[in-house]
Structure formats: C-alpha cells, structure tokens
Amino acid sequence: MLMMRLGRSAMAVLALEAALLCRPASAAQKFHYIGRATAAALQGAPSGDVGAGGKDAKGNVIEDKTCDARDTTCFDESATAGVIPGLVLTGTARTVGGAQTATGAPNPGFPRTESTAQASLLMLDGGLSIAVAPTRAIADSFTGELTAVGGPVLVDIGGNQMTVPAGEGIVIPGQGTLFAAKITKFVKNGLSQIEIDGAIFDPDPTGPAAAFGPIILGKAVAGVEIPFVEGGGGGGGCSLVRSGESRAGFEPTAVLGLLLLIRLRRRRVG
C-alpha cells in the first residue's frame, strides 16, 4: 500500500514536471518558409521567376513568407518564361509551401516547401538548344531533410544530340561550357536552405551566345524554419519551453522535489 502511495506521489510530481516542460502548440505559432523557382535567368535577368511571398510594389520577387502553424497551404505561386529576343525560350516555375505532406495532405506542425522549375531554349544563331528536366528543391521538416532532384540535360547542336548527366559538365566547342544539376546547401540569415541549378551554361566569349552571358535553366530554392517552437510541434502536439523564459527555474525545482519525496518514502519503508 505504501509503495502504491509512493508511485502515485511520483506520478503526481512527474505530471507537474510535464506540465511545466510541455505546452500545446497554439494557433499563434508561426512557420517561416523559403521558396523560389526560376525557369531561366540570362545575364542575371530572370524569366518565369516566383517566390513564396509573391512580389513587392516594385515587382521584386519575395522568396520568404510566414504562416500559421495550421495552414495546410501557405503559398502556391507559379509563372511561365517570357520572350527573349534571339531565343526560343519555354519554361515554367512553381513554389508551394505549407503544413502538408509530399502528396499535399494536411500535416499540422510540419512545414514543407517544394520549388520546381524547368526550361528549354533554342538559340536561333548557332543552332544550339538546351533542355532540362524538372528540377526540384525540397525542405521537409517531417523527414528533417533538404533534398534536390535534377535530371540530365539534353543538348542538341545542329541535329547532333548528347546527354549531360547530373553533376557533370562538358565543353561544347565554339559554344561554351555546360554543367548539369548543380546542388548547393547553405545557411542564410540563420536558415538552412538548398538550391539546385538544372543547367548552367557559360558561353564562349567569341561564340554566338556571348551576348546572353551566363545562362541558368531550372533554378529552385527551398527552406523552412520554425522560429517559435522547439522540436517541431503544432496540431495538438507540445513543444519545450524555450531557454530563458520565466519558468526556467521550475524545472530543476520539480526534479529536486521528486528526488526528495522518493528519499523520504524510502526511509519510511525502512
């Protein structure tokens, strides 16, 4: 009977400790998303460029957005590539983010961003065409991973086709240098992100594409952050109280209380 009382007392203190350490994720919690997709960029000027936050008053793309933890869809932005003089350019870009799974099902408490871009171009002068498969940058808090997917690049020069595998590069005589599916992970403003360039073409300074400068086809960026919650949370879960909050002194007090209670009970048993 005494041991039962001891067990009940210990459970009561542990419940108090859990109440102090763990609190429900509320609707006030926010997720910070990073998402950007660009179909093509020539001479630093993007075409078919979208960001998670849309555009500002000057037309500049905003790549970040903050939403409520329960929002299944925080943003869904898309665009198509425009006309470039001297080129036949096609391409699409889309970036989607929210507390959802890879299939779009609601997943409260776990933000996810996926940016996708693809493009192809044909240079009217020189007969060079470059096409990239859809490139994807994904930041998923549920899996805890930053991933990027990029397929091979198809190159056609005067009817002669070649395929450049992801992660490899070639020199095209008289045209320039092409690199396929370059992936970069980096930290910006304290937030981990992943970026993929489906194809990077650096024209020969004396070649027919020199006027276009460096060309990037299929660029995608993704990142997620949970600034107000530690260890995930949301959707009825709980999160740890952040360090430095006013209740920080209660945690060790509760633990010491539990140890003292157990010691006193053991003495009585003895």
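The values are calculated or read from the model by the stated rules, or taken from the named source; none is laboratory data. Keep in mind that what you see is a predicted model, and the values were worked out from it rather than measured. A quick note on method: Cβ atoms are made from the backbone with ideal geometry, for glycine too, and the neighbour counts reach across all protein chains shown.
Here is a list: G144, G167. Which entry is more than 30 Å from D204 (Cβ to Cβ) and not basic (K, R)? Walk me through it before giving the result.
Numbers: G167 fails: more than 30 Å from D204 (Cβ to Cβ).
Within the list G144, G167, the selection yields G144.
Just checking, which of R242, R265 is at pLDDT 50 or above and outside the structural domain of I130 (by TED's automatic domain parsing)? Step through it out loud before you land on a result.
Values: R242 fails: at pLDDT 50 or above.
On inspection, the qualifying residue turns out to be R265.
Does A139 satisfy the condition of being in the same structural domain as T103 (by TED's automatic domain parsing), under 28 Å from A210 (Cα atoms) and not in a loop (DSSP other than H, G, I, E, B)? Walk me through it before giving the result.
Working: in the same structural domain as T103 (by TED's automatic domain parsing): yes; under 28 Å from A210 (Cα atoms): no; not in a loop (DSSP other than H, G, I, E, B): yes.
When the stated conditions are applied, A139 does not pass them.
Say whether the condition of being touching a strand residue (DSSP E or B) at 6+ places or on another chain (Cβ under 6 Å), part of a loop (DSSP other than H, G, I, E, B) and at pLDDT below 95 is met by at least one residue in the range 73-83. Outline the logic, then answer.
Within the range 73-83, the subset touching a strand residue (DSSP E or B) at 6+ places or on another chain (Cβ under 6 Å) is 73-82.
This time we only want the ones that are part of a loop (DSSP other than H, G, I, E, B), so: 73-74, 81-82.
Keeping just the survivors that are at pLDDT below 95 gives 81-82.
Looking through the range 73-83, at least one residue is touching a strand residue (DSSP E or B) at 6+ places or on another chain (Cβ under 6 Å), part of a loop (DSSP other than H, G, I, E, B) and at pLDDT below 95.
Residues in the range 190-211 that are outside any loop (DSSP other than H, G, I, E, B) and either under 19 Å from L154 (Cβ atoms) or not assigned by TED's automatic domain parsing to the domain that holds L89 (or both): how many?
8
Scan the range 92-107 and give yes if some residue there is assigned to a strand (DSSP E or B), closer than 18 Å to A209 by Cβ and not charged (D, E, K, R), otherwise no.
Taking the range 92-107 first, the residues assigned to a strand (DSSP E or B) are 92-98, 100, 106.
Going one step further and asking which of them are closer than 18 Å to A209 by Cβ, we end up with none.
No - not one qualifying residue is present in the range 92-107.
Could you check V171 against (1) within 27 Å of A52 (Cβ to Cβ); (2) touching a Ser or Thr at 6+ places or on another chain (Cβ under 8 Å); (3) of a type in the set (A, V, I, L, M, F, W, C) and say which number it fails?
The single condition V171 does not satisfy is (1).
Conditions: (1) over 20 Å from G104 (Cβ atoms); (2) of a type outside the set (G, A, S); (3) part of a strand (DSSP E or B); (4) at pLDDT 50 or above. C67 meets all but one. Number of the miss?
Only one criterion is unmet by C67, namely (1).
Checking G98 against (1) in contact with a Leu (Cβ under 8 Å, 6 or more places away or on another chain); (2) closer than 18 Å to F142 by Cβ; (3) not acidic (D, E), only one condition comes out false. Which one?
Of everything listed in (1) in contact with a Leu (Cβ under 8 Å, 6 or more places away or on another chain); (2) closer than 18 Å to F142 by Cβ; (3) not acidic (D, E), G98 misses just condition (1).
I need the full set of residues from the range 136-168 which are in contact with a Lys or Arg (Cβ under 7 Å, 6 or more places away or on another chain) and either charged (D, E, K, R) or farther than 23 Å from V187 by Cα (or both), in order please.
Answer for the range 136-168, where residues must be in contact with a Lys or Arg (Cβ under 7 Å, 6 or more places away or on another chain) and either charged (D, E, K, R) or farther than 23 Å from V187 by Cα (or both): just D140.
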